[in-house]
Amino acid sequence: MTALGFLYPGHSAEDDYPRIEQLLGSDIRVDVVHTDVGEDAHRVDALRQIGTPERLAKGVEQLRLSGAEAVVWACTSGGFVHGWEGAHEQVRTLAVTAGLPASSTSFGFVHAARELGAAKVAVGATYPEDVAGLFAEFLRTGGLEVSAVRGSGSGTAAEVGAWGEAEVFALARAADSPDADAVLLPDTALHTAAHLSALEERLGKPVLTANQVTVWEALRLADRRVNAPGLGALFTREPIVQA
């Protein structure tokens, strides 16, 4: 049994995690601990406060007791708003506090795109344009080319958590560009686990979504590889060997 630990801010789309656990269909256990959000707002100043060391540390002990082999900060915007170096420092601090390998959803997107050989990506973000732009900048720093960025302007995670299939598909279609190797939907408040296969079929290319990528990143840290067709190309393709 491989136990994976996730620190998830508040309550929005955390039900994606038991769904993903079921779709993995193997000896993987997914443990989610909720962290305090403070102010639920897609503003840079508020997002910088979501993932402070103090907030993350409060959930770490519970994950250690669960037997987690790795921990991931399951909040994309709460990572990339600190920039590349700041997000690295956030993860380093989390790893030291937990005594476990650690990462975040933001880095998960970069690693997952590299895994698929997706050098050029399109971004469909639920955030306002300025926050979406910071995610694109983060990806570029990670070596990816961003062909298009679409921000939807939602103000809160609670708002995004209420989105259904129609809104998710509309966001993905609006974000896609013909030259993109993959489409990225970077918000862990967005329910996507039930739609991955259909999204990829509709767009004809890999789709990387926040909760999917978060679980994949934890598996990567735990040195586990699981074939799960219901979770999209990321969980079915052979890894790309980087030159």
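Hey, what do the phi angles of the range 171-178 turn into as Karplus ³J(HN,Hα) couplings, whole Hz, using 6.51/-1.76/1.60 and θ = phi - 60°, x for Gly and Pro?
After applying 6.51 cos²θ - 1.76 cosθ + 1.60, I find 5, 5, 5, 5, 7, 4, 9, x Hz.
Taking the alpha-carbon centroid of each part, what is the distance from the range 1-58 to the range 143-181 in angstrom?
One Cα centre to the other: 20 Å.
Taking the convex hull of the alpha carbon atoms in the range 146-202, what volume per residue do you get, in Å³? If you can, show how the numbers build up before the last one.
On the way: hull volume 4.7 nm³, N = 57.
Considering the Cα atoms of the range 146-202, their hull volume per residue is 83 Å³.
For n ≥ 4 DSSP H runs only, could you compute -39500 (n - 2.57) per run for the chain, divide by its residues and tell me the 222 nm figure to the nearest 500?
Values: 11 runs with 110 residues, N = 243.
Mean residue ellipticity at 222 nm (helix-derived): -13500 deg cm²/dmol.
Using a simple charge model, +1 on the beta-carbon of Lys and Arg, -1 on the beta-carbon of Asp and Glu, nothing else, what dipole does the chain show about its Cα centre, in debye to the nearest 20? Don't skip to the answer; put the middle values down first.
Details: 19 positive and 32 negative charges, 91 e Å.
With only Lys, Arg, Asp and Glu charged at Cβ, the dipole is about 440 debye.
Report the local net charge at Glu159: Lys and Arg +1, Asp and Glu -1, summed over other residues whose C-beta lies under 11 Å from its C-beta.
Working: positive: none; negative: Asp40, Glu167, Asp187.
Around Glu159, the charge tally is -3.
Would you mind counting up the charge near Gly83? Only other residues with Cβ under 10 Å from its Cβ, with Lys and Arg at +1 and Asp and Glu at -1. It would help to have the intermediate numbers written out before the result.
On the way: positive: none; negative: Glu85, Glu89, Glu137.
Here the count lands on -3.
Quick one: net charge around Leu184, please, counting Lys, Arg +1 and Asp, Glu -1 for every other residue with C-beta under 15 Å from its C-beta.
-3
Let me know the charge dipole size of the range 117-209 about its Cα centre in debye, to the nearest 20, where only the beta-carbon of Lys, Arg (+1) and Asp, Glu (-1) is charged. Write down the numbers at each step before the final one.
Values: 6 positive and 13 negative charges, 27 e Å.
The calculation lands at about 120 debye.
Quick note: the coordinates plus some simple rules give every number you see, no bench work behind them. Note that the coordinates shown come from a computational prediction; the quantities given were computed from them, not determined experimentally. All Cβ positions, glycine included, derive from the backbone under ideal geometry; neighbour counts span all protein chains shown.
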